Each structure stands twice: as C-alpha cells, then as structure tokens.
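Inspection log for the structure reproduced underneath, given as structure tokens.
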Ligand code: ADP
Ligand code: MG
C-alpha cells in the first residue's frame, strides 16, 4: 500500500490512524521505518507514540539508541534509532528479548538491522517526492514481511 503525504501534518495523521489500530492489538507489533534523512521517520514516530497515549515527550533518539515508553496499559513502546548501530549492538541492548513480549517497537533505519527483525514486521518506507516543486511531499509505502 502506498500513501501520499503532502505535509508533516498528514504524516502525523497517518501515524495517529495506525496508532489507534495498534493500541487494539495484544501481541508484538514491530514497525520498521526506512528512508533517507529528513524523509519523515521521526515525525511519524513522535505522532504514533503520542497517539498510543504516552505522556512522556518523544525526543529524537539520535544520541540514544533506544528509548522506552510505558503506556497506561503497562505495555512498553520502544523507539529505536539504528542509524549508527549494528544489529549486534541492538542484540546487546536486549532486542531479542524485546521481540519476545507483546511490546510495540518502532525502529528508524530498520534496514540496517533487517536480519534481527521478526517475521511479520510492518515495513514503512518513506520517500521524498522526486518532483522538486513538491518539497513537502512524501510517499509512504507499507509492507508486511
Ligand atoms: P527522519 O527521521 O526520516 O530523518 P524527520 O521526521 O526528523 O525525518 O524530518 C522530516 C522533516 O521534513 C521535518 O522537518 C518535517 O517538518 C519535514 N517534512 C516536510 N514535509 C513532510 C511530510 N510530508 N512528512 C513528514 N515530514 C515532512
Ligand atoms: Mg529520525
């Protein structure tokens, strides 16, 4: 499925819609976000985590590989930025254990750690528009693999 977003607000809205569905689930949900710098991964993640009901402010985990948010339901949400890490590092941070519980895990630059992500990961690819007249246009492609 491919969806066009015309501005950051639309990207946030898509994240909220997805968040409202994820909140209804009871098993592990892994979102693998892929796309160039500035494509909208963090914008999407912030809105998603907010929509899930986290009270804590979502900052970019650029200097933190992983942040955990605890929802009212006690379910954990993990925001991971794999930009500067290897799969090996994530395993050392406990990624394998995180995938064993019914957590919600959002991973930016997920293609860098592709081989440790579980089957059923929802891949969301963010792409800038090729048309330079549409600076704020992004294309989001959803796949489940
Ligand atoms: P990433 O995490 O992929 O590097 P960010 O979400 O941090 O990207 O940054 C995206 C930047 O692009 C933000 O400054 C945002 O305001 C801007 N932007 C412009 N149009 C869009 C859009 N349609 N969706 C998301 N972000 C957009
Ligand atoms: Mg980012």
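The values are calculated or read from the model by the stated rules, or taken from the named source; none is laboratory data. Bear in mind the structure is a predicted one, so any value in this text is a computation, not a measurement. Counting neighbours? That spans all protein chains shown, and the Cβs are built from the backbone with ideal geometry, glycine included.
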request  = Considering each of 91, 77, 105 in turn, give the residue that is modelled with pLDDT under 95 and in contact with a helix residue (DSSP H, G or I) (Cβ under 8 Å, 6 or more places away or on another chain).
outcome  = 91
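Can you tell me how many residues in the stretch 97-111 are within 16 Å of ligand 2 (Cβ to nearest atom) and buried (at least 17 other Cβ atoms within 10 Å of the Cβ)?
6
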ask   = Residues in the stretch 15-57 that are assigned to a loop (DSSP other than H, G, I, E, B) and either within 16 Å of ligand 2 (Cβ to nearest atom) or within 10 Å of the chain's Cα centre (by Cα) (or both): how many?
value = 7
query = Out of (1) surrounded by 15 or more Cβ atoms within 10 Å (Cβ to Cβ); (2) not in a loop (DSSP other than H, G, I, E, B), what's the single condition that is false for residue 85?
reply = (2)
request  = Please state which of the following conditions residue 114 fails to meet, knowing it meets all the rest: (1) crowded, with 19+ Cβ neighbours inside 10 Å; (2) away from ligand 2 (no atom under 16 Å from the Cβ); (3) in contact (Cβ under 8 Å) with a residue 40 or more places away in the chain; (4) part of a helix (DSSP H, G or I).
outcome  = (1)
request  = Can you work out which of the residues in the stretch 31-59 that are touching a residue at least 60 places away in the same chain (Cβ under 8 Å) and surrounded by fewer than 22 Cβ atoms within 10 Å (Cβ to Cβ) is farthest from ligand 1 (Cβ to nearest atom)?
outcome  = 34
note = Selection from the stretch 117-145 of residues surrounded by 15 or more Cβ atoms within 10 Å (Cβ to Cβ) and within 13 Å of ligand 1 (Cβ to nearest atom) yields 124, 125, 126, 127, 128, 129, 137, 138, 139, 140
